[in-house]
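Report on one structure; see the data block that follows.
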Amino acid sequence: MGVLFACESVSVKYDMGFAVENVSFELEAGDYLCIVGENGSGKTTLLKTIAGLVRPAAGKVDLRGVKQSEIGYLPQQTPLQKDFPANVMEVVLSGRLGRNGWLPFYTKRDKDSANEEIVRLNIGDIKFASYRSLSGGQQQRALLARALCATDKLLLLDEPTSGLDPLIASELYRILRELNERGLTIVMVSHDVGSAVHYGNKVLHMQTSKLFFGSQNDYVASDAGRRLLGGAAAGRRLPGGTAYV
Amino acid sequence: MFELLGELFSYPFVIRALVVGIMVALCASLLGVSLVLKRYSMIGDGLSHVGFGTLAIAMSLNLAPLEVSIPLVLLAAFLLLRISENSRIKGDAAIALISSSSLAIGVVVIAMTVGMNADVCNYMFGSILAMKKSDVYLSVAVSIAVLVLFVFFYNKIFAVTFDENFAKAAGTRTGVYNMLIAFLTALIIVVGMRIMGAMLISSLIIFPALTAMRVFNSFRRVVICAAFLSVICFFIGIVFSFALDTPAGASVVLVNLAAFVLFFALGRIRKLA
Ligand SMILES: Nc1ncnc2c1ncn2[C@@H]1O[C@H](COP(=O)(O)OP(=O)(O)OP(=O)(O)O)[C@@H](O)[C@H]1O
Ligand SMILES: [Mg+2]
């Protein structure tokens with residue numbers, strides 16, 4: 001399969017200095033990339049750059065096999081949303097917006113697609129509940145359903161399992177794997193390194209610049225991987241909140 | 001009561017104030033939901049003060065008020081939005097500077113030319129006598145345009161209000177919609193300013209949204225409820241203003257305040273139940 005997008009020497013600068021420095025890699029359609037690294041290592045910034053929200057100071061993100069309107073994005077939650085009057089259906093439906101151009105109203109197809117994602121993420125019973133009254137995990141699932149509504153090509157996830165209990169988290173990983181097997185390309189930022197490495201096929205380890213990029217197997221054997229995964233990486237058991245089969 | 005209403009409707013100036021005011025109240029409440037949720041209420045406030053400044057200049061130069069104010073306030077909307085989007089400058093401090101400066105310019109210009117008279121008080125706190133016949137056409141046309149655009153872009157406005165980053169990542173041109181919201185707000189403020197008063201027009205934007213949010217939980221319901229509330233409160237406020245001879249804007253604000261208190265209590269009761 002062809003290259004879906006490429007980061008070409010991407011650097012992003014904030015007031016205090018580089019948040020992302022000279023990062024290059026290519027992702028092919030069908031890849032499942034996990035971005036790992038410490039707090040403040042530039043993961044969110046890189047993801048935002050890929051999503052087109054942050055303009056790189058140097059280099060560029062080349063969207064070759066995917067259009068901007070075909071990207072689904074799950075942000076790290078902002079406090080503003082937490083008390084917004086909207087129900088789950090309204091939130092999920094808004095994911096279809098990028099697709100229907102100038103059309104002022106949602107079509108039946110949009111609604112069907114929203115319902116499908118709602119069922120997939122098991123939030124049917126809270127479909128008309130108010131978003132602000134949901135638990136953090138339920139909100140997260142609503143936002144994921146919205147992101148899935150927006151794309152069947154490229155999904156960008158910023159810590160999708162933060163705030164989810166281990167059971168729901170592993171359910172989420174299962175759903176993502178299933179979607180990935182059907183051809184959806186996934187880029188996921190995660191602190192749950194164990195699961196990330198377990199489910200993804202590629203790993204990008206950030207430390208402002210690129211510390212490692214490559215296949216999951218190579219990562220486990222690499223210095224960077226060993227350090228982050230701890231001594232356990234050498235053996236069978238990986239750290240993290242989820243149980244592995 | 002009926003006598004009062006009968007008398008009310010027998011005056012053409014009251015009818016004019018009601019027609020324009022109801023349209024303005026409706027549009028302001030719709031835009032208000034988005035502005036309040038985006039934490040942009042300050043922009044509405046700033047624009048109304050800029051509006052006062054431009055009105056004062058128009059008055060002292062003997063120019064038509066709406067024709068002078070509309071382009072200048074649109075320009076201000078563009079600037080204020082830019083300022084509040086740019087995180088490097090302290091956004092609300094900059095807006096406060098612009099709005100108090102405009103107010104000061106307006107007051108000084110008036111003091112130097114026509115002098116501080118009853119007209120000035122009307123500009124600041126509203127008057128049902130404000131609407132001339134020619135103003136009515138322009139005001140109604142502007143309001144209808146705002147209404148149509150809001151309905152047409154409703155879904156986009158929701159998305160941009162709820163989560164601008166997501167909408168942008170999915171290819172929506174969020175900058176355009178932010179500007180649209182700011183421009184529509186500017187238009188409504190200029191048109192509504194003379195009935196409601198420059199000091200009070202922004203409450204027409206903020207109150208209905210806040211009130212509706214006390215009780216309703218979906219965006220659509222909040223929008224619809226805010227629209228109804230705004231129109232009803234405006235009507236009651238004008239009746240009060242006419243009956244008690246109080247400034248129109250201030251009366252409408254007080255009715256809005258009463259509605260807010262009522263809904264606040266309702267919301268609390270619902271939470272307990
Ligand atoms: N909007 C911003 N303005 C200024 N500096 C920023 C901004 N966003 C991020 N930074 C800085 O850029 C660096 C990288 O931040 P980023 O959010 O990308 O880290 P991260 O890897 O996602 O961290 P975490 O694991 O905590 O989410 C940090 O030093 C941060 O302080
Ligand atoms: Mg982050």
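The values are calculated or read from the model by the stated rules, or taken from the named source; none is laboratory data. Computed from a prediction, not measured in an experiment: that's the story for all the values here. Don't worry about glycine lacking a Cβ; one is built from the backbone with ideal geometry, like all the others, and counts go over all protein chains shown. SASA here: full protein model, heavy atoms, side chains in, ligands and nucleic acids out. Shrake-Rupley method; radii C 1.70, N 1.55, O 1.52, S 1.80 Å.
For segment A:194-209, the candidate set comprises residues that are within 16 Å of ligand 1 (Cβ to nearest atom) and in contact with a Phe, Trp or Tyr (Cβ under 7 Å, 6 or more places away or on another chain); within that set, the residue that is most open to solvent (accessible area, probe 1.4 Å) is A:T208. Exactly one residue among B:I188, B:I224 is of a type outside the set (G, A, S) and under 24 Å from B:L138 (Cα atoms), and that residue is B:I188.
Looking at segment A:84-196, the helices (runs of 4 or more DSSP H) lying wholly inside it that each contain 1 or more residues that are in contact (Cβ under 8 Å) with a residue 12 or more places away in the chain, more than 11 Å from chain B (Cβ to nearest Cβ) and not aliphatic (A, V, I, L, M) sit at A:108-120, A:136-150, A:166-181. Pull up segment A:72-83, narrow it to residues that are crowded, with 16+ Cβ neighbours inside 10 Å and in a loop (DSSP other than H, G, I, E, B), then point me to the one that is modelled with the lowest pLDDT. Residue satisfying both the conditions and the ranking: A:Q77. Residues of segment B:127-148 include at least one that is among the aromatic types (F, W, Y) and surrounded by fewer than 17 Cβ atoms within 10 Å (Cβ to Cβ).
Taking A:L4 as the residue in question, decide whether it is assigned to a strand (DSSP E or B) and away from ligand 1 (no atom under 15 Å from the Cβ). Reasoning before the result, please.
On the way: assigned to a strand (DSSP E or B): yes; away from ligand 1 (no atom under 15 Å from the Cβ): yes.
Yes, satisfied.
Quick one: which residue in B:A198, B:A186, B:A182 is away from chain A (no Cβ under 14 Å), aliphatic (A, V, I, L, M), assigned to a loop (DSSP other than H, G, I, E, B) and open to solvent by less than 10 Å² (accessible area, probe 1.4 Å)? Please lay out each step first, then the result.
Values: B:A186 fails: assigned to a loop (DSSP other than H, G, I, E, B); B:A182 fails: assigned to a loop (DSSP other than H, G, I, E, B).
Unique residue meeting the criteria: B:A198.
Among the residues of segment A:12-37, what is the count of those that are within 12 Å of ligand 1 (Cβ to nearest atom) and part of a strand (DSSP E or B)? Outline the logic, then answer.
Keep residues of segment A:12-37 that are within 12 Å of ligand 1 (Cβ to nearest atom), which gives A:12-21, A:23, A:35-37.
When the remaining residues are screened for being part of a strand (DSSP E or B), the result is A:12-14, A:17-21, A:23, A:35-36.
Residues that pass the stated criteria total 11.
Picking from residues in segment B:149-168 that are touching a Pro at 6+ places or on another chain (Cβ under 8 Å) and open to solvent by 40 Å² or more (accessible area, probe 1.4 Å), the one that is farthest from the other protein chains (Cβ to nearest Cβ) is B:V151.
Name the single residue that is farthest from ligand 2 (Cβ to nearest atom) among those in segment A:39-58 being closer than 10 Å to A:A19 by Cβ and part of a loop (DSSP other than H, G, I, E, B). Spell out the reasoning first.
First pass over segment A:39-58, keeping only residues closer than 10 Å to A:A19 by Cβ: A:40-46, A:48-49, A:54, A:57.
Retained after the next criterion (residues that are part of a loop (DSSP other than H, G, I, E, B)): A:40-42, A:54, A:57.
On the way: A:G40: 8, A:S41: 9, A:G42: 9, A:V54: 12, A:A57: 19 Å.
In this case the residue turns out to be A:A57.
Here A:L103 meets the list (1) within 26 Å of A:S209 (Cα to Cα); (2) of a type outside the set (S, T, Y); (3) open to solvent by 50 Å² or more (accessible area, probe 1.4 Å); (4) away from ligand 2 (no atom under 16 Å from the Cβ) almost entirely, failing just condition (1). Selection of segment B:233-273 for residues being assigned to a helix (DSSP H, G or I), farther than 16 Å from B:A17 by Cβ and aliphatic (A, V, I, L, M) yields B:L254, B:L257, B:A258, B:A259, B:V261, B:L262, B:A265, B:L266, B:I269, B:L272.
Applying the condition of being part of a helix (DSSP H, G or I), open to solvent by 10 Å² or more (accessible area, probe 1.4 Å) and within 14 Å of chain A (Cβ to nearest Cβ) to segment B:31-61 and asking which residue is nearest to B:L72 (Cα to Cα) yields B:S41. There is no residue in segment B:202-216 that is part of a loop (DSSP other than H, G, I, E, B), open to solvent by less than 50 Å² (accessible area, probe 1.4 Å), within 14 Å of another protein chain (Cβ to nearest Cβ) and over 30 Å from B:C121 (Cβ atoms).
Annotation: of all residues in segment A:21-71 being in contact with a helix residue (DSSP H, G or I) (Cβ under 6 Å, 6 or more places away or on another chain), buried (at least 23 other Cβ atoms within 10 Å of the Cβ) and more than 20 Å from A:L228 (Cα to Cα), the one that is farthest from the other protein chains (Cβ to nearest Cβ) is A:I71. Residue pairs whose Cβ atoms lie under 7 Å apart, separated by 6 or more positions or on different chains, with the first residue in segment B:145-157 and modelled with pLDDT of 95 or more and the second open to solvent by 60 Å² or more (accessible area, probe 1.4 Å) and among the aromatic types (F, W, Y), do not occur.
None of A:V220, A:V203, A:V187, A:V197 is within 16 Å of ligand 2 (Cβ to nearest atom) and in contact with a helix residue (DSSP H, G or I) (Cβ under 8 Å, 6 or more places away or on another chain) except A:V187. Of all residues in segment B:169-179, those being within 14 Å of chain A (Cβ to nearest Cβ) and either touching a residue at least 40 places away in the same chain (Cβ under 8 Å) or hydrophobic (A, V, I, L, M, F, W, C) (or both) number 3. Of all residues in segment A:131-145, those satisfying the criterion of being open to solvent by less than 10 Å² (accessible area, probe 1.4 Å) and either in contact with a strand residue (DSSP E or B) (Cβ under 8 Å, 6 or more places away or on another chain) or within 16 Å of ligand 2 (Cβ to nearest atom) (or both) are A:Y131, A:L143, A:L144.
Within segment A:165-193, the set of residues being within 16 Å of ligand 1 (Cβ to nearest atom) and over 16 Å from A:L4 (Cα atoms) comprises A:V189, A:S190, A:H191, A:D192, A:V193.
Would you check which residues across segment A:2-15 are within 14 Å of chain B (Cβ to nearest Cβ) and either of a type in the set (G, A, S) or away from ligand 2 (no atom under 16 Å from the Cβ) (or both) and list them?
If we filter segment A:2-15 for residues that are within 14 Å of chain B (Cβ to nearest Cβ), which is where we start, we get A:5, A:13-15.
Hits for segment A:2-15 are A:F5, A:K13, A:D15.
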